[in-house]
1. Which residue pairs have Cβ atoms under 6 Å apart, sit 6 or more places apart or on different chains, and have a first residue in segment 360-385 that is farther than 24 Å from Glu28 by Cβ and a second that is outside any helix (DSSP H, G or I) and of a type outside the set (Lys, Arg)?
2. Would you mind telling me which numbered condition in (1) more than 30 Å from Ile408 (Cα to Cα); (2) without any contact (Cβ under 8 Å) to a residue 60 or more places away in the chain; (3) assigned to a loop (DSSP other than H, G, I, E, B); (4) not aromatic (Phe, Trp, Tyr) Ile132 fails?
3. In segment 397-447, what residues are aliphatic (A, V, I, L, M) and without any contact (Cβ under 8 Å) to a residue 40 or more places away in the chain?
4. If we scan segment 394-413, do we find a residue that is more than 26 Å from Ala173 (Cα to Cα), part of a helix (DSSP H, G or I), modelled with pLDDT of 90 or more and not hydroxyl-bearing (Ser, Thr, Tyr)?
5. Looking only at segment 326-352, which residues are out of contact with any Asp or Glu (no Cβ under 8 Å at 6 or more places or on another chain), without any contact (Cβ under 8 Å) to a residue 60 or more places away in the chain and in a strand (DSSP E or B)?
6. Hey, among the residues in segment 416-462 that are modelled with pLDDT under 80 and among the aliphatic types (A, V, I, L, M), which one's surrounded by the fewest Cβ atoms within 10 Å (Cβ to Cβ)?
7. Could you check segment 387-404 and list, in sequence order, the residues that are crowded, with 17+ Cβ neighbours inside 10 Å and of a type in the set (Asp, Glu)?
8. Tell me whether segment 31-43 contains one or more residues that are within 20 Å of Tyr443 (Cβ to Cβ), part of a helix (DSSP H, G or I) and either in contact with an Asp or Glu (Cβ under 7 Å, 6 or more places away or on another chain) or at pLDDT below 50 (or both).
Amino acid sequence: MKTHRVFLYLLPIFIVTACSTHSPRQTEPTVLPPDIYSVDHAGEAIKIDTPWWHIFDRPNLNILIEQAFAQNQDIAQAVANLKQAQALSRRTRADRLPQLGLQGNIAKEWERSDGQGSTRAIGTALSWEIDIFNRIGSAAKADRYETQARAQDVETVKLALSADIANAYFSTAASHQRLALLEGQLKLDRELQNLLQLRLDNGVGTNVDVLRQKARVADSQTLIPLAQGDLSVFENRLDVLLGQMPDSQMRVPPAETLNFDKSLPPLGVPAALLLNRPDLKALHAELIAADAGIASAIADRLPRITLDGSYAYVDTASYSGPLATIMGAFVQPLLDWGKRKAEVERNEALYEGKLAEYTQTYLEAVEDVENSLVREKKQREFLRRLSNQISVLKQTVDASENRYKQGIDDYLPVIDALQELRQVERSMITEQLELVRIRISLYRAIGAPIYDPIIESSQDEN
């Protein structure tokens, strides 16, 4: 009776202590976000109310990304990790509830060789840890936020995958354009070679001019196998991203272009990245989970109160019938050689690491947006100048051909002008592709929407 009273006296103290075992810690980056991006991005921004890749208006690209979401193995792995986290969260939540089981026993006693009696019992057993100090509750909170983090991991993989497919798609389109350009240049070189040979046969040109043009034809021919190889490589990349074996099937139309709407997506303020980018949302959830882990480790150093009971039918020599028992107990750790304290310190260090990772990733996210904005601005300026250079080079080629036809110069200036023009034309395709890639990186940097219904039911499960 005295022990019962002592327990009742101590219980309020335990409850009061539980309210102050742990105070929630900071869950925001340790750096203050700027009010606006430093790079000027003036101009009307388009609103994104569909998956971000729809902005490119490529139905074939839309189909490929939808197929990849259903078949890609990286997504399958991320979903499997999410399911593991969901199961672990359910398991931890179950620890807060009473555990009920079926128990039975049979015993017989002997004294020397004479049987003295037997006892048989069968019934139910109850075990329940009363989570006064929120040890299990904090662990359940940590698992719940870990589950949210894994759900955001799925979104992160999907965003990265859609960007990778878009890059591979437009890289394939650029390879088609490059190959078509090279084949057109080779055709023109052969026509010029035939023309020079005809002039030589008529006693107008020189053998040196013909040989130079043959060298030009040979040079054009060497570039075509490399372009064909690049095309196959990008087509294979698309196959693997789709979760399929490379099959040499052409998935990008040869006539595909690299043009797209130059209007920028709505960027908002840098702080919006914390709400839009799935990788940042995952790190935020992991940070809250780490903080809850500290609370659970601290509570593990406090008394653990359990309630055990049973209700069974017993059959003994002196009594047969139902028998109910109930017992409460608490255990206060006294000597564990610093084990529980070390666990608290480990969780505190884990929290500090997650906070640093969250802050660093946010800094890099703002950097990604700033870099994409300035790179797109300068890339467009570069393409304008490259276009002007092509226009000047075409005029140079025409002027050189006229001087050659008039007999003022030999054919070497024409070859030099053509070679420079063709290099710039090939560079134009490469730089147009780079502009597309920069825009894709911008969509990825701001955490552009996906709006994919696939797997949503799995992500909503808790």
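The values are calculated or read from the model by the stated rules, or taken from the named source; none is laboratory data. Model, not experiment: these values are computed from the prediction. Glycine gets a Cβ as well: all are built from the backbone with ideal geometry, and neighbour counts include every protein chain shown.
1. As it stands, the answer is Leu373/Val39; Leu373/His41; Val374/Val39, since those pairs meet every condition given.
2. Ile132 satisfies every listed condition except (2).
3. Within segment 397-447, the subset aliphatic (A, V, I, L, M) is 397, 399, 408, 412, 414-415, 417-418, 421, 424, 428-429, 433, 435-436, 438, 440, 442, 445-446.
Result: Val397, Ala399, Ile408, Val414, Ala417, Leu421, Val424.
4. There is at least one residue in segment 394-413 that is more than 26 Å from Ala173 (Cα to Cα), part of a helix (DSSP H, G or I), modelled with pLDDT of 90 or more and not hydroxyl-bearing (Ser, Thr, Tyr).
5. Val331
6. Only one residue fits best here, namely Ile454.
7. Within segment 387-404, just Glu401 meets the criteria.
8. No, because not a single residue in segment 31-43 is within 20 Å of Tyr443 (Cβ to Cβ), part of a helix (DSSP H, G or I) and either in contact with an Asp or Glu (Cβ under 7 Å, 6 or more places away or on another chain) or at pLDDT below 50 (or both).
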